[in-house]
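The values are calculated or read from the model by the stated rules, or taken from the named source; none is laboratory data. Bear in mind the structure is a predicted one, so any value in this text is a computation, not a measurement. Ideal geometry is used to build each Cβ from the backbone, glycine not excepted, and the neighbour counts take in all protein chains shown.
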Amino acid sequence: MSLVTRLRKARLRIEGSKRSALDMAHGRLTLIGLGFSVLYLIVAARVVDLTLLQGVLPRLNGTVAEQAIETDKQQIAVLRADVTDRNGVLLATSLETASLYADPALISDPVRVAAALSKAVPGAVYGETLEKLQRKGRFIWLKRNLTPEEQYRILEMGEPGLQFKTEYKRIYPQGELAAHMVGYGSVDGQGLAGIERSFDELLAKGGKPLALTLDIRLQHILRRETDRAIREFSARGGAGVIMDVVTGEILAATSLPDFDPQNPSAASPEQLFNNVTLGVYEPGSTMKIFSTAALLDLKNPGLGMTFDTSKPLKVGRHTIHDYHPENRPMTIPEVFMHSSNIGSALMGQMVGTEGLRNFYKDIGMLDPVDIEISEKGRPLAPAQWRDINTLTAAFGHGISVSPLHIVAAASSIVRGGTLVKPTLILNEAQAYGAKNAANESEIRIVSPQTSHRMRQLMRLVVTDGTARQADVPGYNVGGKTGTAEKIVNGRYDRQKKISSFLGFFPMEAPRYAVFIMVDEPKGTKKSYGYATGGWVAAPAVGAVIGHMAPLLGMEPHPLNEEDDLSFTLKPYLHDKKEEGGQLATFTTE
Amino acid sequence: MANGMFSRTDRSILGRWWWTVDRPMLAALLALMILGVMLVTTASPPVALRLNLSEFHFVIRHVFFLTPALFLLLGLSLCSPRAIWRIATIILGCSILGLILVLFVGNEVKGAQRWISLFGFSIQPSEFMKPSFAVLSAWFLSRWREQPGFPGQWIATGLFLIVVSLLVLQPDIGMTVVTAAIFGAQVCLAGFPLWIICALGIGGIAALFGAYFMLPHFQSRMDRFLDPASGDNYQVSKSLEAFREGGLMGVGPGQGEVKLSIPDAHADFIYAVAAEEMGMWFALVILGIYAFIIMRGLKRLSDSDNLFSILATGGILTMFGLQSVVHMGSSVNALPAKGMTLPFISYGGSSLWAIALAMGMVLALTRRQPRTSVAKGGSIARGFFARSDAQQGA
């Protein structure tokens, strides 16, 4: 009621004159005019903002792409950089493709559209498509990365509710050939493994291709020969590495079984697993390269020093056997070439627990390998390093490392004694033969003399020892076999072996390391039932070298017997034909 | 040249009309009609094809409705204020009847009953209600100010409450807001103290809050404006895209793509089509024409000494301006998306007649009144007596 009285008062106040009412109205007209001016100015400002500031200016600055990203967050597809091998062969590239999505709100007849789609796009199941088209919401993926032909057929349907987004599909032209090194990505282009993962940010930025050190030709040879060895010996899998020991460049690296990086979801865990860098295994006798080098470098014994390998070595409750017991004292070259576990254990004992552990640490056997991919296994070494661990570690048991560990560390020893760092990324302007300044390591592991002796010993393994099948005439291969028993349920299983061979060539000035490892090979008639590194991996490495050396333009250099590196070691070998086994001579170099 | 058609001393109806009518405003309205035909021609064919109609279905219908609308506009502008008052009374009566009828026999479209079929046309009674209500409430309010003891303000308020409650029952929030704005402007012009106007404004806002909680579709529309991520903003985001695409000069007549994806390109988003195809300058020209009509009308009123004319025209201009601001504001996302046609430009069928009715009344009421008509007495002309005083004051 008070409102009424106040209104009446107000009316009475103004009623005095019509003039005052008109004056009031004219004043209020100005007010309304001002109100509308503000409203129109706001709308006009917004029009200018949208058309000029958000429309024209970004185009002038050439940032239309960025603008598009801002307005449509789902179109963040920038062309991902290519990955190539060292010769520019494409290993991974990106193709622009159209991906199909539906806006169910714009689809009036889902049944008809689903039927037409299942006809136009292989793999579009009618029921599933229909279910998607009937969902609520405005966005549902139907099929990513269509072929141009599929896209054409869908465009022909002329259905407004079916729309495309440009995406970039990652293509791996070499298929599974270098799958574990190059890696793969998700549907959304994110790197999930290998170089694609570790260089994800860089590749995502686009730009220049990333060149790897791999040589796809060598990769093919290595994979073929490793695969052949696996098939021949009915093995579970394997791994192979070719490394330039001078530069540390990985020229080839294969892990079998492998997978198609185009479709990683179809691969089993075994296929996806990277045996080269992620898997760690007890390497077996290839480890003797390091225990022997440690002995030669730290204790500087004469090569004629003998070790009693006549009876199994008992340490505490452990007993160490030899595969092929010789039952007599052996010189250092004999221990190495016959791969005597007892001899190596005794060598380890000589080096001492502290000395051997530190040596292994220095050559990188106790840390994850330093390489540019993320899938790296941490070596398994005894937490409490006791003396028995020293004995077994000397011949490659009780410690697990990745194949790349063995290759890199042994390369450091044979290349002259300085540490080499393996790498997968090609240094700019570097070709075969050019020295990689970054890889001219100053970190000395062993003396040049020790390095030379190790080269001699490894050559001897091929000329007279366990790896005679690895020799390639003219390329003077040297190396070391390894045969480790796998641990099954905490016990060594004699039937399940990991057989490997690490070869270098040419041995007088080692340039390339070739490593092949075969997991659980089974002996064949041809190998007289043997499944050791010498029978399984050594011939495969020989085949790789026989194919790769001519490909790289290396001329064979056949040497006379007396010029061969191993010749000067011959005097330290017992002549097996003589009963009792007398040493021929004791002369040193 | 045009002036040559009629001599200043021409005393015929047309001659008097020519010299008294607001010719610049008339020109601006004709310009809007021409632009409307252009824009409906470019914007509507994709919409028509989507609805399985013939390509030029909307163009033909637009011209079909526009021609009578033009005659309606011109015809009304010839009328005297008294005639306008009579016409408005009849139309308001009919449209209130229609509003009641709509509740029972209306065609339900998108959750609201607003349309009624009449002689094969779909007619929205609320469209015709707005201008006639403005005229009637202006008459009551001006009577209240000029004739002490006449409770015009209460009659006007009652009338307002009746039409608003009919609109809320549909429900039609947009129309309610526009009607409330008309009445608010008139109350303001009629000289109600500002605190009452503020109170009414607060009441209006409270009513909007009430609507927010009562009407789900209104709530979702507000939510989408306040937080674009919360729901479907398809038309608005497409509209913004069109403005950015258009830039300064546009992509060219007929070259726009937004009309292909906006369902209401020919009606509620025709401004976006204009901006995309012709660019910023064209969008600003359209905006300028509306602003000119409003400012021109208000200026004309500030020279007038007829309170009835001021209130009626002020109310109708508010309606006209608000409708244009809401349409343009929605399409640039400065306001919540409200489907409102751009007066005279959008395809709107019978609503074109309603807007022609409104602006015809404005033209009639803003005509310079010859002195001779002052002597006429009667309730309508009562306010005209003050004229000579006001002119001396001006």
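Quick notes on this one:
- Output for the range B:242-261, where each listed residue is out of contact with any Lys or Arg (no Cβ under 8 Å at 6 or more places or on another chain), within 14 Å of chain A (Cβ to nearest Cβ) and over 20 Å from A:LEU39 (Cα atoms): B:ALA242, B:ARG244, B:GLU245, B:GLY246, B:LEU248, B:MET249, B:GLY250, B:VAL251, B:GLY256, B:GLU257, B:LYS259, B:LEU260
- Screening the range A:256-353 for helices (runs of 4 or more DSSP H) wholly inside it with 1 or more residues that are among the charged types (D, E, K, R) and at negative phi returns the ranges A:269-272, A:288-299, A:332-338.
- Wholly enclosed helices (runs of 4 or more DSSP H) of the range A:140-228 bearing at least 1 residues not assigned by TED's automatic domain parsing to the domain that holds A:ALA98: none
- Any chance A:TYR126 is modelled with pLDDT of 85 or more and either buried (at least 18 other Cβ atoms within 10 Å of the Cβ) or closer than 17 Å to A:PRO104 by Cβ (or both): yes
- 3 or more residues over 30 Å from B:THR89 (Cβ atoms): qualifying helices (runs of 4 or more DSSP H) within the range B:163-261: B:194-214, B:216-226, B:234-246, B:258-261
- Single residue of A:PRO264, A:PRO269 found to be free of Cβ contacts under 8 Å to residues at least 60 places away in the same chain, assigned by TED's automatic domain parsing to the domain that holds A:GLY503 and over 14 Å from the mean Cα position of the chain (by Cα): A:PRO269
- Given (1) more than 27 Å from A:THR277 (Cα to Cα); (2) of a type outside the set (A, V, I, L, M); (3) loosely packed, with under 14 Cβ neighbours inside 10 Å, index of the condition A:LYS165 fails: (3)
- Given (1) over 15 Å from A:ASP82 (Cα atoms); (2) surrounded by fewer than 17 Cβ atoms within 10 Å (Cβ to Cβ), number of the condition A:PHE233 does not satisfy: (2)
- The range B:142-159, subset surrounded by 19 or more Cβ atoms within 10 Å (Cβ to Cβ) and closer than 18 Å to B:GLY184 by Cα, residue nearest to the other protein chains (Cβ to nearest Cβ): B:ARG145
- Unique match (being modelled with pLDDT under 80 and away from chain B (no Cβ under 13 Å)) among A:ILE69, A:ILE14: A:ILE69
- Verdict on B:VAL59 being within 14 Å of another protein chain (Cβ to nearest Cβ) and farther than 30 Å from B:ALA138 by Cα: no
- Only one entry in B:SER122, B:SER95 is surrounded by fewer than 21 Cβ atoms within 10 Å (Cβ to Cβ) and either within 19 Å of the chain's Cα centre (by Cα) or modelled with pLDDT under 90 (or both), namely B:SER122.
- Qualifying residue in the range B:55-68 (condition: within 30 Å of B:ARG300 (Cα to Cα), surrounded by 16 or more Cβ atoms within 10 Å (Cβ to Cβ) and modelled with pLDDT under 95): yes
- Residues of the range B:189-227 classified as within 13 Å of chain A (Cβ to nearest Cβ) and in contact (Cβ under 8 Å) with a residue 60 or more places away in the chain, total: 3
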